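K.L.:
Please find one structure pasted underneath; my questions will follow.
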Amino acid sequence: MKLLALGAFVISLVSASAAVAQFNPVIAKCTGNGADFYLSESQVDALVGSVPEPLPTNKDTILVVDQKKGMYWSNQSRAAIDRACGGQGNEEIALFDGVQPRSGLWQARLGETRPEGCPAILASMFGPGLPGHMPAELSTPRQLTFGVPFHPDQLELTKTLAASGISAVNWRIAGEDSWQADIMSDVFAQIPGGPGKGSGMAWRLTVTSKDRIDHNVTVTIALPAEAAALMGMSGDCRVTSDNQWVRVGD
């Protein structure tokens, strides 16, 4: 039954994507003193999962990214959007906005894991060579080629997880030059949680420069009060790791 439901979902998603007009939307980033406009190098259907839905069918619809109001589609003119963002009606469009990492030889630098509020049995699962730790082979330098604009789907780690069947990786925009994805959600969903709580693993990527990408991993284990008390937990168990990809050569 799960496979049938999954198949129906995939079919509906493909059908919905097929109905979307093919165009590269204009994106407006509010700065507080107006808006910076640029033309996305991805077509609108490729943005599914990272932008509000329903997706527009009119190429004049603009995706507005506002720190206060969030992300939303607008049918206003560029001049009107710029004024709404505190500007004077600027309409200029740039070809690309954001930090673009350079292609070349990149190496992962793995940070230590830091358990907080975790009993020994859970904290021990996140040491080197154990399930919760990033694999050491990721530290081997490898040649990476990035398309413009950059997207985390271009990283080998994303492709490997998806191809292996371990977890789908659906990145969503989490801020300026940042993306976030929930990993192995189906596995963590099987862990009983307290009221309004749930366990999970979150990845956050931030392109901090042309030669560095930060990769933060946060694992949260939230148990019902009774189970937490039995394991000696007074609150949630949280494990974090701050890693980096660094460009080390051509």
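K.L.:
Give me the extension gain from Asn33 to Gln76: residue separation times 0.36 nm, minus the current Cα-Cα distance, reported in nm with one decimal.
P.N.:
Extra length from Asn33 to Gln76 when fully extended: 13.7 nm.
K.L.:
Now for a separate question. Which of Lys29/Lys59; Lys159/Lys210; Lys29/Lys210 have a Cα-Cα distance over 24 Å?
P.N.:
Beyond 24 Å: nothing from the list.
K.L.:
Another question, if that's okay. What is the percent carbon and sulfur in the accessible area of the stretch 33-77, measuring with a 1.4 Å probe over the protein chains and ignoring ligands?
P.N.:
Its accessible area is 44 percent carbon and sulfur atoms.
K.L.:
Ok, one more. Can you tally the net charge around Ala202? Count Lys and Arg as +1, Asp and Glu as -1, for every other residue whose Cβ sits under 12 Å from the Cβ of Ala202.
P.N.:
Once positives and negatives cancel, what remains is +2.
K.L.:
Expressed as a whole percentage, what fraction of the accessible surface of the stretch 138-240 belongs to carbon and sulfur atoms when a 1.4 Å probe is rolled over the protein heavy atoms?
P.N.:
Carbon with sulfur: 54 percent of the solvent-accessible area.
The values are calculated or read from the model by the stated rules, or taken from the named source; none is laboratory data. This structure is a prediction, so every number in the text was calculated from the model and none was measured. FYI the Cβ positions are ideal-geometry reconstructions off the backbone, even for glycines, and counts take in every protein chain you see. With ligands, DNA and RNA removed, areas are computed over all heavy atoms of the protein, side chains included. Shrake-Rupley method; radii C 1.70, N 1.55, O 1.52, S 1.80 Å.
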